[in-house]
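The values are calculated or read from the model by the stated rules, or taken from the named source; none is laboratory data. Since the structure is predicted, the reported quantities are computational estimates derived from the model, not experimental observations. Note that each Cβ is placed from the backbone with ideal geometry, even for glycine, and that neighbours are counted across all protein chains shown. We work out accessible area using only protein heavy atoms, side chains counted, and drop any ligands, DNA or RNA first. Shrake-Rupley method; radii C 1.70, N 1.55, O 1.52, S 1.80 Å.
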Amino acid sequence: MPTPSKKTPKKVAKRVTASSRNAKSTSATIETHLHENRTFPPSAAFKKQATFAAAANYVKAGRSPVKFWESMAKELVWKKRWTKALEWKAPDAKWFIGGKLNVTETCLDQHLTNGNRNKVALIWEGEPGDKRVMSYYDLWREVNKFANCLKGLGIKKGDRVAIYLPMIPELVVAMLACARIGAIHSVVFGGFSPESLSDRINDAEAKMLITADGGYRRGQIIPLKHDADVALASCPTIEHVIVVKRGDFLLRFKEGRDHWYHRLMQDADPVCKPTYVDSEHPLFILYTSGTTGKPKGIMHTTGGYLTGAYATTKFVFDIKPDDVYWCTADCGWVTGHTYVTYGPLANGATQVIYEGAPDWPDPDRFWQVVEDYGVSIFYTAPTAIRAFMKWGKEWPGQHDLSSLRLLGTVGEPINPEAWIWYHEIIGGKRCPIVDTWWQTETGHIMITPLPGLTKTKPGSATQPFPGISPAVLDENGKPVKNGGGLLAVTHPWPGMLRGIWGDRKRFVDTYWSKWDGIYFPGDGARIDKGGYFWILGRVDDVINTAGHRLSTMEVESALVEHPSVVEAAVVGIPHDLKGEALAAFVTLGPKQKADEKLIGKLRDFVALKIGALAKPEKVIFAADLPKTRSGKIMRRLLRDIASGKVLGDTTTLADPAVIQHIQRRYSEE
Ligand code: WT7
């Protein structure tokens, strides 16, 4: 069992001295103040069986990244081997040039003959409790048949197909069936509104929509087909709609345009030969919301993306034949693309897919699923972990979680308190935690511990994945050796985005204009003396107070450390003297009293942890924080409220009632 190398958790709150203030303010980097000193080395037992445990191989990959990626690409199924591994004319990268493949051969066909034919690929559980199990052979047959259905309705290589489904096996099938015939899928999260759906369909000029009659969420029915009909009123490019029957939900059928999935499948030919495509053929478009403006259609291609998805799944999750892997993400997000559909299947893994909410019917639903299927690898988001903390450890406490051997997180910086809770309450102190940094744009994990090799530090995504070259730079592109700055990636990697669909200029401006030939992800980061990366969140969320650039994430992390607080969001508000002051929106734990006394205590607590400069000017209690449907706190809306502005775009908000509630609270203050 791994034990912390330092018994007493100790945080060092560095005071800002006059000299450090001067030094920092000139280079326009980000100051960091919270320094977490606990470390967790891998246990001997985990190390012994780990897939990637040789430090020498890590060093080797760092020296020749392209060779490393080639060695990984060789483990996939290719129709024709590439002639050149990388061509790089910034900002355009091509990987495995001359290579031809179809991703479904790596994800499915190879498993028909390598011993995995009857291995379970998917264990699916619906929210109402219905279950389905599919072997690799089952999945292969379903994908072949459905690919023939797509063909039959006129879908060809390069066509865009929009997918708007609940988290059911047909979602994975639909993605793979598109890939089987070289069509480009664009998955739109089933929780999005008709307007968001039509925007995305129109931007990609999709010819087909695959949807369902409905889906379940917290016992409610989401009327997907109804919403799709509303969207399609303004989508002239859609020729056909395929509808999966998830329940017995009411819908209207438009003759000639709409088709039942199960009817088409009845008559479909059982085998569809894969369409081989160039390594750089687009595999999918996935829309990600920018902080401003319309969503960006991030474009990913075939050979490089699959190589990255395959290699990171293999090493970061340490997948073994007997593992039961569960990534809780929906395929509407990139995490569901890379770590539900492509990565695990390319590795021949057995995985769990669960359709619904974590607190339905009770807050222990996830732990029930872990216990029922013996989940051994569990990958989720910090926002979920903080929700579990809020609901209390009694819920996981009722279940046998001893099958778990590895835990992961993605999506936001995980504050150390949540990391420790995850480690102790869910991981029973025995499971390594992989805190994985990446983005829709990067396609796969970039900065992460390798379980069995990396000593972890709570709150740090630790070190680059082999063959990845991140750095912390200042505005001028000068490396920051030890401290805060801007995150950058200095060398191309296989899964990197190849563009924004239909908008070259935005692609160049957003990611490639800060420095010459270096990728800018838009995140701040700190690098410590040991070369560990600490992601500080979006640079848009940095607050400039009295000449100090502070990351909101650190102040939030300090607040969450207070025993009364479970979640916090900090934003900058205009201030006459300081330029910006801090406003903290705080969610309290059960039975905590929200009063003036606590406000004073919290302000002092931040001053103690970080320094007086970070003391929030205002503390506002909120029952919940406004979040996107993927669980990211929408600080921009809180900023609007706190500075008395009209609210910006709220269409990506998961629960609009939350923001109304906060607005009301705020005007009472
Ligand atoms: C942004 C990307 C990548 C799949 C899910 C989100 C933040 C992501 C971490 C992490 C700190 C993280 C970053 C990044 N983020 N993972 N481990 N530690 N921050 O994909 O919606 O494209 O968001 O999420 O700010 O840029 P996405």
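Determine which single condition residue 46 fails, assuming it passes every other condition in (1) open to solvent by less than 50 Å² (accessible area, probe 1.4 Å); (2) of a type outside the set (Ser, Thr, Tyr); (3) at positive phi. For residue 46, the exception is condition (3). Could we say that residue 360 is surrounded by fewer than 22 Cβ atoms within 10 Å (Cβ to Cβ) and assigned to a helix (DSSP H, G or I) here? No. I'm trying to understand the selection: among the residues of region 503-529, which are of a type in the set (S, T, N, Q) and surrounded by fewer than 17 Cβ atoms within 10 Å (Cβ to Cβ)? Scanning region 503-529 gives a single hit, 513. Just to be sure before I move on: is residue 67 of a type in the set (D, E, K, R), in contact with a Phe, Trp or Tyr (Cβ under 6 Å, 6 or more places away or on another chain) and modelled with pLDDT of 95 or more in the structure I sent? Taking the combined requirement at face value, the residue does not satisfy it. Scan region 267-284 and give yes if some residue there is under 22 Å from residue 102 (Cα atoms) and within 16 Å of the ligand (Cβ to nearest atom), otherwise no. The answer is yes, given that some residue of region 267-284 is under 22 Å from residue 102 (Cα atoms) and within 16 Å of the ligand (Cβ to nearest atom).
Of the residues 352, 271, 370, only one is more than 20 Å from the chain's Cα centre (by Cα) and open to solvent by less than 10 Å² (accessible area, probe 1.4 Å); which?
On the way: 352 fails: more than 20 Å from the chain's Cα centre (by Cα); 271 fails: open to solvent by less than 10 Å² (accessible area, probe 1.4 Å).
None of the others qualify; the one that does is 370.
When residue 307 is tested against (1) modelled with pLDDT under 95; (2) of a type outside the set (Gly, Ala, Ser); (3) crowded, with 20+ Cβ neighbours inside 10 Å, exactly one condition is not met: (1).
For region 277-304, a residue qualifies if it is out of contact with any helix residue (DSSP H, G or I) (no Cβ under 7 Å at 6 or more places or on another chain), open to solvent by 70 Å² or more (accessible area, probe 1.4 Å) and in a loop (DSSP other than H, G, I, E, B), and exactly one does: 292.
Examine region 564-585 for a residue that is part of a loop (DSSP other than H, G, I, E, B), more than 26 Å from residue 329 (Cα to Cα) and modelled with pLDDT of 90 or more, and state whether such a residue exists.
So in region 564-585, the residues part of a loop (DSSP other than H, G, I, E, B) come out as 564, 576-578.
Now restrict to residues that are more than 26 Å from residue 329 (Cα to Cα): 564, 576-578.
Next, from what is left, pick out any that are modelled with pLDDT of 90 or more: 564.
Yes, region 564-585 has at least one match.
Those strands (runs of 3 or more DSSP E) of region 507-551 in which at least 2 residues are under 22 Å from the mean Cα position of the chain (by Cα) and within 14 Å of the ligand (Cβ to nearest atom), considering only elements entirely within it, cover 523-527, 533-538.
Being touching a helix residue (DSSP H, G or I) at 6+ places or on another chain (Cβ under 9 Å), touching a residue at least 24 places away in the same chain (Cβ under 8 Å) and either farther than 24 Å from residue 299 by Cβ or outside any loop (DSSP other than H, G, I, E, B) (or both) is true for just one of 237, 211. Which residue is that?
Numbers: 237 fails: either farther than 24 Å from residue 299 by Cβ or outside any loop (DSSP other than H, G, I, E, B) (or both).
It is 211.
Of the candidates 559, 608, the single residue that is at negative phi, open to solvent by 40 Å² or more (accessible area, probe 1.4 Å) and in contact (Cβ under 8 Å) with a residue 24 or more places away in the chain is 608. Among the residues examined, residue 645 does not qualify as open to solvent by 10 Å² or more (accessible area, probe 1.4 Å) and closer than 28 Å to residue 420 by Cα. Here is the figure for region 132-149: residues that are open to solvent by 20 Å² or more (accessible area, probe 1.4 Å) and either assigned to a loop (DSSP other than H, G, I, E, B) or among the polar types (S, T, N, Q) (or both) total 1.
Counting only helices (runs of 4 or more DSSP H) wholly contained in region 373-459, the ones carrying 3 or more residues that are within 27 Å of residue 590 (Cβ to Cβ) and open to solvent by 30 Å² or more (accessible area, probe 1.4 Å) occupy 382-391, 394-397.
Among the candidates 129, 190, 182, 152, the residue that is surrounded by fewer than 21 Cβ atoms within 10 Å (Cβ to Cβ) and touching an Asp or Glu at 6+ places or on another chain (Cβ under 9 Å) is uniquely 152.
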